[in-house]
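None of the figures in this text is laboratory data; all of them are computed from the coordinates on show. What you see is a predicted model, and the numbers here were worked out from it, not measured in a lab. Here Cβ is always computed from backbone atoms with ideal geometry, including for glycine, and neighbour counts include all displayed protein chains.
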């Protein structure tokens with residue numbers, strides 16, 4: 001586990017390098033119930049193809065995940081940042097900023113709204129020209 005986010009109602013989002021949680025297949029992101037059991041209503045599919053180092057939630061219940069990932073749930077190519085629906089699926093409508101990935105961090109290179117996401121995810125910092 002590399003990152004935890006406490007959610008309203010006592011659920012917890014967990015991100016890291018794991019591919020299973022308590023014997024249940026989960027691709028580096030899992031939502032737990034207050035009892036510690038896997039929330040099967042949060043279906044990540046194959047999940048991220050590499051470590052998730054930071055998570056944040058939006059007011060609409062979506063999840064932002066950042067890390068060394070280059071793909072989520074065998075979907076489109078990603079460069080370190082993906083937005084998930086409240087149910088755990090990749091939000092295909094989200095077009096993330098261009099990111100440089102270096103080790104365990106990712107930095108936006110250019111995107112007008114990048115500063116909003118950067119404030120939400122502590123591992124992102126604005127790149128300097």
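Taking every alpha-carbon pair in region 3-96 and binning the separations at 5 Å intervals from zero gives 3, 16, 29, 29, 17, 6, 1 percent. Estimated at 0.36 nm per residue, the fully extended path between residue 20 and residue 37 surpasses their Cα-Cα distance by 4.9 nm.
With a simple spin-label model that places each label point 7 Å from the Cα along the Cα-to-Cβ direction, the separation between residue 51 and residue 1 comes to 1.7 nm.
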